Amino acid sequence: MSTMRAIRFSKTGGPEVLEWTEVETPSPGAGQVLVRHEAVGVNFIDTYHRSGLYPVKLPSGLGMEAAGVVEAVGAGVTRFAPGDRIVYASGPIGAYAELNVVPAERAVKIPQGVTPDVAAAALLKGMTAEFLLRRCYPVRAGETILVHAAAGGVGSIMVQWAKSLGAVVIATAGGAEKGERARALGADHVIDYRTQDVAAEVRRLTDGKGVPVAYDSVGASTFEGTLGSLARRGLFVSYGNASGPAPAVDPGRLSRLGSLYFTRPTLFDYAATTEELDACAAALFDVIAREIVRIDIGQTFALSNARAAHEALESRATIGASLLIP
């Protein structure tokens, strides 16, 4: 029996529940590939699984995103061959490990010119940005949009991509340093959501009209500001809980505030088929290749030190993407 090292947790809680341990190396079944990881993406959803906000069966591995080299393929796999460099971002959970088995139809080949660390840092966050900007609400040139947490992993990609679509971007960030980063990425206006009234600033910047769409990954602490920033028939896109889950939505408030729309989308529903996954990833790799979007890897940690990565992410101390390196 061959073994590998991996992060596991047997109870939910803070970063201290993560354990670096030795486990059996999995074997690929029919339709699966075994990937030896070169870089592992760290995402907020990982902290939700660890804390119990998004329940998983325990004991469990952790992590949804990684890039590496195919070591072996299971029966019936024609999409990849051993030696191919691939990246995946929609599970199954278990990316915080030296190797993982994933369905071939849920992984994509890394294009020439893209390094494994960029692929692992980009795929989940970048495909999220793609569906939010191009399909959940197709942003058009000349529109003014609100992007929360613009210095974070998804937000930093969204600012760059939205500018390439011709949007005017109002970005929020926590603190002066992150605000400057949002500006450097191309944001037209920056609001510090910790010290400023977001809704009042958005109204001021839009001559009182508000924005047609607001993208909110922060959750509890920005919820009211986002609601108050929307134009008549505007869309509130809630896609994260960085400050805690957003409160329940009263349909009557949506009516009173201007016939607003509210959605809580997930990447899985926008990349549910292999065809959707391929198209979504191709659009991302295209804007990376054309240097429309630059992927900023702000910090890296040893895979064995996943606890420190989670502590940094949850304390809002990270800039751009974070990676674990096996």
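In segment 39-82, the ratio of gyration radius to Kirkwood radius, Rg to Rh, stands at 1.12 when only Cα atoms are counted. By the compact-protein rule of thumb, 2.2 N^0.38 Å, the alpha-carbon radius of gyration of segment 141-264 corresponds to a ratio of 0.96. Based on the Stokes-Einstein relation at 20 °C and a viscosity of 1.002 mPa s, and on the Kirkwood radius from alpha carbon pairs, the chain is assigned a translational diffusion coefficient of 106 µm²/s. 3J(HN,Hα) along segment 175-187: x, 5, 4, 5, x, 5, 5, 4, 5, 4, 6, x, 4 Hz, from the Karplus curve 6.51 cos²θ - 1.76 cosθ + 1.60 with θ = phi - 60°, whole Hz, x for Gly and Pro. For PHE301, nonlocal amide neighbours, meaning residues 5 or more places apart or on other chains whose placed amide H falls under 5 Å from its own, are LEU323, LEU324, ILE325. Rounded to the nearest 500, the helix-only mean residue ellipticity at 222 nm of the chain stands at -8500 deg cm²/dmol, with each DSSP H run of n ≥ 4 adding -39,500 (n - 2.57). Among the listed pairs LYS57/LYS109; LYS57/LYS125; LYS163/LYS209; LYS109/LYS209; LYS57/LYS163; LYS178/LYS209, which are separated by more than 32 Å between their Cα atoms? With Cα atoms farther than 32 Å apart: LYS109/LYS209; LYS57/LYS163.
Using C-alpha pairs below 8 Å separated by at least 6 residues, the relative contact order for segment 141-264 is 20 percent.
Rounded to the nearest Hz, the phi-derived 3J(HN,Hα) couplings of segment 231-248 under the Karplus curve 6.51 cos²θ - 1.76 cosθ + 1.60 (θ = phi - 60°) are 6, 3, 6, x, 10, 9, 9, 9, 10, x, 9, 4, 9, x, x, 5, x, 4, where x marks glycine and proline.
A short reminder: the numbers here are calculations on the coordinates, not readings from a lab. Since the model is a prediction, treat every value here as computed from it, not as a measurement.
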